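Remarks on the structure that follows.
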Amino acid sequence: QKKANGKYTVTFIEGDGIGPEVSKSVKQIFAAADAPIDWEPVDVTPIASDGPTAIPDEAIQSVRRNLVALKGPLATPVGEGHVSLNLTLRRTFNLFANVRPCRSLQGYKTPYDNVDTVLIRENTEGEYSGIEHIVVDGVVQCIKLITREASERVLRFAFQYAQSIRKPRVRVVHKATIMKMSDGLFLTTAQNVAKEFPDIEFDSELLDNACLKMVTDPTPYNDIVMVMPNLYGDILSDMCAGLIGGLGLTPSGNIGDECSIFEAVHGSAPDIAGKNLANPTALLLSSVMMLQHMGLNSHAERIHRAILQTIAEGKTLTGDLRGNAKTDEYTNAIIEKL
Ligand code: ATP
Ligand code: MG
């Protein structure tokens, strides 16, 4: 909601590891671009409890109030009893679809220079349902949960998204030849939802085949919005990230019925944290997606162009892009372009 000062309040979860550094970059660039955003920083460090992972109430209220959040990476403690904070956030706000665009950037040479894929990952169930147990010693079972309701929701969103970005086709990526019932349900649900969208073409492809084809030649995928169950989306989107230059470049949006949280695909990168080496592009492009989602297209466009120009120029790039600029030098180069 627009405030009296003409700005919108957005919740900002800076996150762990390189989170604070890449967040600082976003804040500086938004300030320099006069983007009409007031950040509301919140801490999501879990409350110590014996029960399931709990996010502080203040953070939850902030996101519910503002409806939009930008989020840095959150480290997931390894070990028993810890549910991933990222998962907890997705469940708390029912963020059912994860949108992951991957577009080649001029100025950073990779084997293909015309990648322009969009992948939508089901975000609430599938292999990430968290239902795992020991049957007997030495035998464990993990349940992949697929429901028609969650499938329908993410599939319908995929068609609507294809319409909104003017892509002619939606493709389900699946493995229904093996997981006949679970992926089968996802696939048949897709075939039904497709009937609601006669203007969008629909087809399906097996996951292994999609991987093979994409790394052989990603061009045919540029006209397609791909949609798939949770784990496939996790893996295939990292593969797409690899096609364009890695995790430092790929944004994402977690979309729910009410709230949306935009975040980089990468993790907290503890190996380079605190060294002013991180590439803030992924979070920056996520913030551009956020502005577009909010209908602030001219501000989105302005910031997006400055990022693309800086990379295309190739003079001030971070280490992951074979450059030697520090995070803040790269940030300043973008600000100059504004
Ligand atoms: P987490 O457990 O939080 O996922 P991780 O150790 O898996 O952390 P990732 O963040 O997933 O680390 O990153 C994997 C590798 O990619 C790291 O070695 C990191 O250096 C690199 N990387 C990730 N994000 C960036 C970035 N924004 N800029 C530069 N390098 C990055
Ligand atoms: Mg990781």
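The values are calculated or read from the model by the stated rules, or taken from the named source; none is laboratory data. As the structure is a prediction and not an experimental result, all values here were calculated from the model. Please note: Cβ atoms are built from the backbone with ideal geometry, for glycine as well, and neighbour counts cover all protein chains shown. Keep in mind that these areas ignore ligands, DNA and RNA; they rest on the heavy atoms of the full protein, side chains included. Shrake-Rupley method; radii C 1.70, N 1.55, O 1.52, S 1.80 Å.
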*Residues of the range 1-133: accessible area per residue at 1.4 Å, in Å²?*
47 Å²
_Students often get this wrong: which residues of the range 288-320 have the backbone nitrogen under 15 Å from the point 7 angstrom along Cα-to-C-beta of ASP38?_
none
*For the chain, just the Cα atoms, rotate onto the principal axes and tell me the three extents in Å, largest first.*
54, 50, 44
*Out of ASN222, SER25, ALA158, whose Cα points farthest toward the positive end of the dipole of the chain (charges: +1 Lys, Arg; -1 Asp, Glu; placed on Cβ)?*
ASN222
*Among rounded, prolate and oblate, which fits the range 1-144 when a ≥ b ≥ c are the square roots of the eigenvalues of its C-alpha gyration tensor, a/c under 1.5 means rounded, and a/b larger than b/c means prolate?*
oblate
*List the residues whose amide H sits under 5 Å from the amide H of GLU40, counting only those 5 or more places along or on another chain, with H placed 1.01 Å from N in the peptide plane.*
VAL10, THR11, PHE12
*With all protein chains present, how much of the accessible area of the range 93-251 (probe radius 1.4 Å) comes from carbon and sulfur, to the nearest whole percent?*
57 percent
_Percent antiparallel among DSSP beta bridges (both partners in the chain, rounded to 5)_ = 45 percent
*asked:* Among the listed pairs LYS71/LYS167; LYS24/LYS326; LYS24/LYS275; LYS275/LYS326; LYS24/LYS109, which have their C-alpha atoms separated by more than 18 angstrom in this model?
replied: LYS71/LYS167; LYS24/LYS109
*List every residue whose amide H lies under 5 Å from the amide H of PHE96, counting only residues 5 or more places away in sequence or on a different chain, with H placed 1.01 Å from N in the peptide plane.*
ILE255, GLY256, ASP257
*asked:* Give me the one-decimal Kirkwood hydrodynamic radius in Å for the range 165-239, with the sum taken over alpha-carbon pairs.
replied: 12.8 Å
*Percent relative contact order of the range 21-168, based on C-alpha pairs within less than 8 angstrom and at least six residues apart?*
13 percent
*State in Å² the accessible area per residue of the range 209-338; use a 1.4 Å probe, count heavy atoms of protein chains only, and round to the nearest integer.*
38 Å²
*Solitary cysteines of the chain, where the nearest other Cys Cβ is not under 4.7 Å*: CYS142, CYS211, CYS259
*asked:* Nearest 5 percent is fine: what portion of the DSSP beta bridges confined to the range 1-148 is antiparallel?
replied: 65 percent
*Hey, what did the range 106-248 get for relative contact order, percent, Cα under 8 Å, at least 6 apart?*
38 percent
